[in-house]
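Just so it is clear, none of the values below were taken in a lab; they were calculated from the coordinates. What you see is a predicted model, and the numbers here were worked out from it, not measured in a lab. Every residue, glycine among them, receives a Cβ derived from its backbone with ideal geometry; neighbour counts consider all protein chains shown.
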Amino acid sequence: MTGDVACAEGGLAAGCLFFGGYPITPATEVAERMSERLPEIGGTFIQMEDEIAAMASIVGASCAGVKSMTATSGPGFSLMMENIGLAICTETPCVVANVQRAGPSTGLPTQGAQADMMQARWGSHGHYEIIALAPSSPQEIFYQTITAFNLSEKYRLPVLVMTDEMIGHLSERVIIPDAKDIKTVSRTRPKGRKDRFKPYRPGPDGIAPMAIAGEGYNIHMTGLTHDERGYPVMTVEAQYEMMDRIMKKVRQNLDDIIETEGYRLDDAEIVIVSYGVSSRTCLAAVDEARELGIKAGFLKLITVWPFPEDLIHRLAERVKGFVTVEINLGQIHLEVERCTAGKAPAFLVGHPGGTIIPPERVIDLLKEAF
Amino acid sequence: MTQTKKSSGHPLDGLLRLDRIPHIWCPGCGIGTAFSSCLIAMKTSGIDLQKTVMVSGIGCSGRGAGYVNLDSYHTTHGRAIPFATGMKLANPELNVVVFSGDGDLFAIGGNHFIHAARRNVDMTIICINNFNYGMTGGQVAPTTPYQAKTTTTPAGNPERPFNLPLLAYASGATYVSRWTILHTRDLMESIEEALKKRGFSFIEVLAPCPVNYGRRNREKALDSLKIYQERTIIKNDAHPTELDIDFDRGVILGKFIDLDQPTCTEMYDKTCRPKDLLYD
Ligand code: SF4
């Protein structure tokens, strides 16, 4: 199946029962699959009037107690930013898949890119933490969409699946395991007296249990800065306390959240860093480099945000340099460069978008720079 | 204005978040009256309050959700309706009430309004129309009368306002009414009727914003109430095309539309679900 279909199937396997969408190339097939599958299993699909509404609808559905998601591409992702912020501030779980295409603006609608990575990190206003995953095959899209739901439910925040046109439209074999073999996570629900419940009082794990609409907790949720009761409080202290919670729940669980993979990394002198479709370029490039006697290894970022800062930092102590390969003109490259703290040089093999990067370009850079 | 004090055993105590009173609404503001009419209607309607949610957008009226002691959601500017749509479709057992202002629902949120009406999503929309953006200090809104003064139309509004009931009707709303905060009994009855009715219900409530709109248009809070009394005509079943707001000619109030049509959820279940999945 294609990556887009695998994304829908991953969502369903994770327990998604609501999809609010809006057509956009190259993500439309996710919505199409959901429109077919959800009503069969008691869920609901709706095509909203725009992506602003699609995002608002999935935040609402999640507050009503249902796992929810949407899928889009660049222009729609821009429109979703407002309510991604609402989900962050109200700590509402949901999943957004961005099947990236080349931008800016309408760009190349049918051709892929990886240029929304910084938008994924910082696209909604204000400061916050977010989780973004980057699959490199339809099979990975399937699993990572499940992981996205699980992390989203566990940490109560929107999780982004940053796929792209190439793998979204790539058809490959996808193995879907039995439901009993798929681990799914659901948000912690409150216990105890309803009248004493504080919607934003964190549990021992730093995350507040979530009451859903209609259960009698009479909760209030707002995008204004709020206290533990969920009530708006317009003070610096309240802002500090709320921000502390939404930052720490991610920052203090980096080991649980961040996933990376290494390929021929143990003895590598040069680390190639990449994610998503460009991982495929890098696997080929590493083998070729080794044949040429260049000791390259590949670090694949499965979780792009939060960024594996410590890992890059540690690697920088012992390697000769880094090469980031991505279909943009330097986004994750900036992160790598930052995390090397000047201990090793960082290079970019980038592309403005529309096609994949051939391994030769990586080899050329390796030959030139090292 | 909500006349609730902590000590006074107010009939709406159970429905108000007393720990959030005093509210932010200015003296003479009409929102509080509309809000308490809404709460009374919720009580008298006999709907299951545990299954009732209030969703608001942004603005003075949008603060409504913050004061009601129900599951309540204060969302983003203009997006109360799509948020509420997600809630209703995800859990059709919920009674969904959207309480927000004219700028929120019809300028930034206009697109969402017409589509939710078209779909006949089963929800009740209470729109406080005070002819301007109160929260931000009195700017022109899509409801501001022609030539009225606001901070962004210092020479008078050069644009024409929406006729909201006509817009609601044309978009497919199955219940449409308009009242003012002076007509509290009619307003409460109308809200109660809308709450009990399935389908997309729209109630426009004319309310004074003396601080920002009234002040710039030589209309004190009491003047507004006087106008609501003297220059309104109750005419149920009036055709929505007659409902332009012009206080010089008289503004028509009443219930204009009351239709029984299948809701969004009913049509979805009927059309999209396999027949053997149609439980209740
Ligand atoms: S600014 Fe106007 S609408 Fe807002 S609370 Fe004051 S009087 Fe009411």
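Once you list every other residue whose beta carbon is under 14 Å from the beta carbon of A:Lys249, what net charge do they have if Lys and Arg are +1 and Asp and Glu are -1? It works out to a net charge of -1. Considering only A:Val323, A:Val233, A:Val286, the mean-square fluctuation computed in a Gaussian network model of chain A, springs between alpha carbons under 10 angstrom, is largest for A:Val233.
In order along region B:60-72, the Karplus-derived 3J(HN,Hα) couplings, from 6.51 cos²θ - 1.76 cosθ + 1.60 at θ = phi - 60°, round to 4, 5, x, 6, x, 4, x, 10, 8, 8, 9, 4, 9 Hz, and Gly and Pro are given as x. For chain A, modelled as a GNM whose springs connect Cα atoms under 10 angstrom apart, the maximal fluctuation among A:Lys154, A:Lys67, A:Lys191 occurs at A:Lys191. The listed peptides A:203-215, A:26-38, ordered by packing as a protection proxy, come out as A:26-38, A:203-215 (highest mean of other Cβ atoms within 10 Å first). Taking amide H atoms as placed 1.01 Å from N in the peptide plane, the amide H of A:Val323 lies under 5 Å from those of A:Val271, A:Ile272, A:Val273, A:Phe347, each 5 or more residues away in sequence or on another chain. Here, P(r) means the percent of Cα pairs in each 10 Å bin from 0 to the largest distance; for chain B it is 7, 31, 37, 19, 5, 1, 0. Note on B:Asp246/B:Met267: beta-carbon distance plugged into 1/(1 + (r/R0)^6) with R0 of 45 Å gives a FRET efficiency of 0.75. DSSP assigns beta bridges within the protein assembly as shown; of those with both partners inside it, close to 20 percent run antiparallel.
Can you bin region A:3-181 into rounded, prolate or oblate? Criterion: square roots of the alpha carbon gyration tensor eigenvalues sorted a ≥ b ≥ c, rounded for a/c under 1.5, prolate for a/b above b/c, oblate for the rest. Rounded, since a/c falls under 1.5. Taking every alpha-carbon pair in region A:93-168 and binning the separations at 5 Å intervals from zero gives 4, 17, 25, 23, 18, 10, 3, 0 percent. Among the residues of B:62-74, the average count of other protein chain beta-carbon atoms within 10 Å of the residue beta-carbon is 5. Annotation: for a label point projected 7 angstrom from Cα along Cα→Cβ of A:His125, residues of region A:59-77 with backbone N closer than 19 Å are A:77. With 10 Å bins beginning at zero, the pair-distance distribution over Cα atoms of the protein assembly as shown amounts to 3, 16, 24, 23, 16, 10, 5, 2, 0, 0 %. Peptide A:207-220 has a mean of 5 when you count, residue by residue, the C-beta atoms of other protein chains within 10 Å of its C-beta. When the pairs A:Lys183/A:Lys248; A:Lys198/A:Lys300; B:Lys43/B:Lys149 are compared against a 31 Å limit on Cα-Cα distance, A:Lys198/A:Lys300; B:Lys43/B:Lys149 fall above it. B:Ile233 sits among other residues whose Cβ lies under 12 Å from its own Cβ, and their net charge, with Lys and Arg +1 and Asp and Glu -1, is +1.
The charge dipole of region A:1-105, taken about the Cα centre with unit charges on the Cβ atoms of Lys, Arg (+1) and Asp, Glu (-1), comes to about 160 debye, rounded to the nearest 20.
Principal-axis analysis of the Cα atoms of chain A puts helix A:278-291 at an angle of about 30° to the longest axis. Between B:Lys275 and A:Arg173, the distance separating the two model label sites (each 7 Å from Cα on the Cα→Cβ line) works out to 3.9 nm. DSSP beta bridges fully contained in chain A are about 25 percent antiparallel. A helix-only calculation puts chain A at -12000 deg cm²/dmol for mean residue ellipticity at 222 nm, using -39500 (n - 2.57) for each DSSP H run of at least four residues, averaged over all residues.
What shape does region A:1-99 have by the C-alpha gyration tensor, where a ≥ b ≥ c are the square roots of the eigenvalues, rounded means a/c under 1.5, and otherwise prolate means a/b greater than b/c and oblate the rest? Verdict is oblate for region A:1-99. Considering only C-alpha atoms, what is the centroid distance from region A:44-71 to region A:151-203, in Å? Between the Cα centres of region A:44-71 and region A:151-203 lies a distance of 15 Å. Bridges between two residues of chain B, per DSSP, are antiparallel at a rate of about 20%.
Take the alpha carbon gyration tensor of region A:261-369, find the square roots of its eigenvalues, order them as a ≥ b ≥ c, and report rounded if a/c is under 1.5; if not, report prolate when a/b exceeds b/c, else oblate. Rounded. Of the trypsin sites (Lys or Arg not before Pro) found in region B:96-180, none is in coil by DSSP with at most 10 other Cβ atoms within 10 Å of its Cβ. Helix A:138-155 and the longest principal axis of the C-alpha atoms of chain A enclose an angle of approximately 40°. Between A:Glu368 and A:Lys248, the simple label model (points 7 Å from Cα in the Cβ direction) yields a spacing of 4.8 nm.
Could you please report the charge total around A:Ala238, scoring K, R as +1 and D, E as -1 over all other residues with beta-carbon less than 10 angstrom from its beta-carbon?
-4
Only Lys, Arg, Asp and Glu carry charge here, each on its Cβ (+1 for the first two, -1 for the last two); on that basis chain A has a dipole of about 1060 debye about its Cα centre. Under 5 Å between amide hydrogens, built in the peptide plane, is the criterion, and for A:His226 it picks out A:Val233 among residues at least 5 positions away or on other chains. Among the chymotrypsin sites (Phe, Trp or Tyr not before Pro) in region A:1-104, none is located in a DSSP loop while being surrounded by at most 10 other Cβ atoms within 10 Å of its own Cβ. Computed packing ranks the peptides A:160-168, B:136-144, A:113-121 as A:160-168, A:113-121, B:136-144, most packed first, by mean other Cβ atoms within 10 Å. Can you tell me the orientation of helix B:221-230 relative to chain B, as the angle in degrees between its alpha-carbon axis and the longest Cα principal axis, to the nearest 10? Tilt of helix B:221-230: around 70 degrees.
Result for chain A in a Gaussian network model with C-alpha springs under 10 Å: among A:Ile219, A:Ile130, A:Ile272, the largest mean-square fluctuation is at A:Ile219.
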